[in-house]
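These notes are about the structure you will find just below.
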Amino acid sequence: MLEKWFYSIDAALNRSSEIKELFPSSATTMRGLASGTSAGALLDAVAKMESSPGVSSCQAPCTAGDVPWSLVNAVILLSTADLPPTATFGDPVNSWAKSKWWLPSVSVATPAVHNDRDVQVTVLSENGTVVSYQVKSEMPDIPLYTPAKFSICLGDGAHKQAPLPFCATADCFGNRLLYPVSGGALLSRPLWEGYASAFSNVSQVGLLGVASASSAFLGPVVLQRPETCETSSTRLLQSAWFTSGNDSFLEGTNNILASTTLPPTQVATIFAHTSTQAIMDGAFTDSTGILQAVAAGAADVTSYISDLRSLWNLFAGGNSTLNGPDPCFSNVLFFQIFSTPWHTIEAEVKSFKCLKVPSIEGRSDPAGAYLTSICFGTVTTTTAENTFAGVEGGREVKLHIVIVESTLDSLPFPVPDFTSGQAGLDWRPYGRLVTEISTTMGLPVNRAAVQELAKTLFLRV
């Protein structure tokens with residue numbers, strides 16, 4: 001299976017002039033992966049690639065942090081779904097998807113001016129020169145990450161405006177970017193103006209940029225704590241960079257690539273003028289998808305959960321943060337949007353119906369089992385007001401939940417050890433986990449439970 005997948009990548013790259021134009025050096029090297037089937041998962045293999053041109057040099061083998069995340073997404077989209085890098089939000093969709101809203105969630109890095117830890121977003125880090133920004137907000141308690149989302153009504157045609165604002169409020173809390181420069185500071189225009197401009201015709205927003213931003217799990221490497229951690233320009237493209245321009249993501253990426261060749265003050269001027277900002281994986285503000293669905297007005301939500309902490313922390317009394325495994329990797333944030341105490345929901349979830357998972361000995365064996373449980377059920381709760389999530393209080397919501405737990409569950413996600421330069425990422429066990437899930441659901445003993453799961457959680461019959 002893996003060999004066929006790498007050959008499909010090779011075929012996609014051979015016929016994709018778009019990827020070659022975007023990443024000429026990396027794409028050429030990546031075609032060699034077709035014969036590197038022993039490398040395992042994609043990120044294991046691309047970690048040995050040369051860095052993209054325009055980014056500071058990286059001598060092979062490089063780490064996963066040296067490969068632009070948008071390149072990984074470009075290859076995945078093209079090789080698995082035949083979607084070229086030129087695909088847009090407004091492209092035609094299959095009939096079953098028409099008229100459905102799609103809300104890819106993201107987290108916008110918003111380290112406040114004069115925050116306790118003096119966290120900054122790095123846009124240039126070369127030879128001891130650092131250019132960075134913080135966020136000046138009308139809100140006194142702006143979080144390190146602000147929940148946000150792209151939004152579109154699928155199949156709605158061209159020249160359509162986003163149905164929902166990017167942030168919880170149309171003015172995005174009055175946020176602006178502040179770039180310290182010699183003798184003063186540069187202030188961007190209000191970010192909501194850039195969002196309004198970019199999404200006035202959301203149909204033309206690039207699908208590659210959205211996919212890269214909403215899945216950028218290494219994005220927080222751009223957050224620098226001057227007293228402990230530094231990043232390099234080779235790692236800045238783990239975030240998606242967004243601007244107020246017409247081609248928001250491409251312009252943002254080009255700004256990062258060009259920054260290594262320009263004087264620091266000019267870099268700050270360009271970035272402030274274009275409101276260039278880091279956007280990353282929505283999981284840093286909600287990994288369940290529930291938050292943005294409820295904020296959009298949904299009263300009946302189905303969610304797949306792989307780590308129950310991400311569910312509990314949406315409820316009253318839950319944690320607001322979860323520390324990352326690496327001191328240079330920022331915390332995951334949680335926003336409490338329900339008034340029901342989390343331990344009440346925990347008790348209800350314990351009564352969920354569960355499938356019978358085969359007992360497999362030798363779980364420590366490399367080929368052993370990872371799946372521990374598949375359970376499902378429904379809870380009813382009430383919303384609590386949360387300004388940054390955009391949720392008003394007092395609404396009743398039904399949550400239909402599928403919980404798949406395994407020994408691979410990890411929140412935050414596994415991240416590279418940037419001190420030693422070792423990637424530490426092995427995605428192959430997740431493929432085995434998928435096999436175990438499908439095998440368990442196909443067991444005769446689970447037939448009735450699987451039918452009930454499909455009917456009540458997805459078919460609503």
Margin query: Checking PHE335 against (1) among the aromatic types (Phe, Trp, Tyr); (2) surrounded by 20 or more Cβ atoms within 10 Å (Cβ to Cβ); (3) modelled with pLDDT under 95: exactly one of these is not met. Which one?
Written below: (3)
Next item on the list: Please verify whether region 383-402 includes one or more residues that are on the phi > 0 side of the Ramachandran plot and modelled with pLDDT of 90 or more.
Entry: yes
Next item on the list: Name the strands (runs of 3 or more DSSP E) wholly inside region 132-202 in which the number of residues that are surrounded by fewer than 20 Cβ atoms within 10 Å (Cβ to Cβ) and of a type outside the set (Asp, Glu) is 2 or more.
Entry: 176-181, 184-187
Margin query: For a quick check of your reading of the model, give me the residue pairs whose first member lies in region 321-346 and is over 11 Å from ARG309 (Cα atoms) and of a type in the set (D, E, K, R), whose second is open to solvent by 40 Å² or more (accessible area, probe 1.4 Å) and at pLDDT below 65, with beta-carbon atoms closer than 9 Å and at least 6 apart or on different chains.
Written below: ASP326/ASP417; ASP326/PHE418; ASP326/THR419
Notebook entry, point to check: Which of the residues that make up region 239-275 are within 24 Å of LEU218 (Cα to Cα), in contact with a Ser or Thr (Cβ under 8 Å, 6 or more places away or on another chain) and open to solvent by 40 Å² or more (accessible area, probe 1.4 Å)?
Noted result: GLU251, LEU257, THR260
Notebook entry, point to check: Which residues, counting only those in region 278-310, are touching a residue at least 12 places away in the same chain (Cβ under 8 Å), open to solvent by 10 Å² or more (accessible area, probe 1.4 Å) and assigned to a loop (DSSP other than H, G, I, E, B)?
Noted result: ASP286, SER287, THR288, GLY289, ALA296, ALA298, ALA299, SER306, ASP307
Item checked: Evaluation of CYS167 against (1) at pLDDT 85 or above; (2) of a type outside the set (Phe, Trp, Tyr); (3) more than 19 Å from the chain's Cα centre (by Cα) (one fails), failing number -> (3)
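The values are calculated or read from the model by the stated rules, or taken from the named source; none is laboratory data. Worth saying up front: this structure is predicted, and the values here are computed from it rather than measured. Reconstructed Cβ throughout: ideal geometry from the backbone, glycine too, with neighbour counts over all protein chains shown. Heads up: the accessible areas ignore ligands, DNA and RNA and are worked out on the full protein's heavy atoms, side chains in. Shrake-Rupley method; radii C 1.70, N 1.55, O 1.52, S 1.80 Å.
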